[in-house]
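Right, one structure below, let's go through it.
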Amino acid sequence: MKKNLFTFLILISIFSCSQNNLVDITSKIVKTSGFVDIALTITDKKETDSMFVYTAQGLYKSDTVGIEIALKKGLKAGIVNGELNNVFVRNGITMHSIGSKSDKLLAAIAELYGGIDSIKTMRPDLMILSCANFNQQDVNYTSGEYKFKVFMETATGNPELLINFDFTNKLILLNEKDVEYRIDILQYLMKK
């Protein structure tokens, strides 16, 4: 009995510590800008032949929210000596639901965007996105900050979202490019 209780207490403390390491997703929002920027902590990293895949999670109103975001391997600088070079990256970033945590992330984004009702669950398919690479150096997948703009397609528009990787601080930021894209971004992320 004592051994089971001890094991239970250790598991609780491990879970509590991992929860405490997650960033509040609203921690990077600048109230005066009017943009809703979402911060997520990189909690896991794996590698495929062509991508580095990151599990990114955060806290919103004491719920853990998250998504899987992958970045293409071998990305060179998009801007070299002030000239656009390697800027457009076909299939450069993917996003994928991690289940209920992604559904909660979608609901949190909708709430933060405001005035958007009837949010469903996050789409389960792999979202493959082309992107613009705004970096002046090759991507180092273990340190540094890197900025990308992804292009989405919906029935009503072509929203864009800024996805920034801060590998030094183990963060992925989903930053708004334009508040007019809010509904289209949510429609893109939702299960049909």
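The values are calculated or read from the model by the stated rules, or taken from the named source; none is laboratory data. This is a predicted model, so every value here is computed, not measured. Cβ placement follows ideal geometry from the backbone for every residue including glycine, while neighbour counts extend to all protein chains displayed.
Here are a few things to note about the model shown:
- The set of residues in the stretch 170-192 being exposed (fewer than 14 other Cβ atoms within 10 Å of the Cβ) and either within 16 Å of the chain's Cα centre (by Cα) or not basic (Lys, Arg) (or both) consists of Asp178, Val179, Glu180.
- Residue match in the stretch 134-153 (condition: in contact with a helix residue (DSSP H, G or I) (Cβ under 7 Å, 6 or more places away or on another chain), modelled with pLDDT of 95 or more and not β-branched (Val, Ile, Thr)): yes
- When the stretch 56-114 is filtered for residues that are polar (S, T, N, Q), over 22 Å from Lys149 (Cβ atoms) and part of a strand (DSSP E or B), the ones remaining, listed by number, are Gln57, Thr64.
- Sole exception among (1) surrounded by 17 or more Cβ atoms within 10 Å (Cβ to Cβ); (2) out of contact with any helix residue (DSSP H, G or I) (no Cβ under 6 Å at 6 or more places or on another chain); (3) under 16 Å from Asn164 (Cβ atoms) for Leu59, by number: (3)
- Total residues in the stretch 154-169, condition in a strand (DSSP E or B) and either surrounded by 20 or more Cβ atoms within 10 Å (Cβ to Cβ) or over 12 Å from the mean Cα position of the chain (by Cα) (or both): 4
- Of the residues making up the stretch 82-120, those that are among the acidic types (Asp, Glu) and surrounded by 12 or more Cβ atoms within 10 Å (Cβ to Cβ) are Asp103, Glu111.
- Long-range neighbours under 6 Å by Cβ, at least six apart or interchain, first residue at pLDDT 95 or above within the stretch 28-50, second loosely packed, with under 15 Cβ neighbours inside 10 Å and basic (Lys, Arg): Ser50/Lys73
- Scanning the stretch 115-151 for residues that are small (Gly, Ala, Ser), outside any loop (DSSP other than H, G, I, E, B) and either without any contact (Cβ under 8 Å) to a residue 24 or more places away in the chain or farther than 21 Å from Met190 by Cβ (or both) gives a single hit, Ala132.
- Test: residue in the stretch 97-110 that is charged (D, E, K, R) and over 13 Å from Leu189 (Cα atoms): yes
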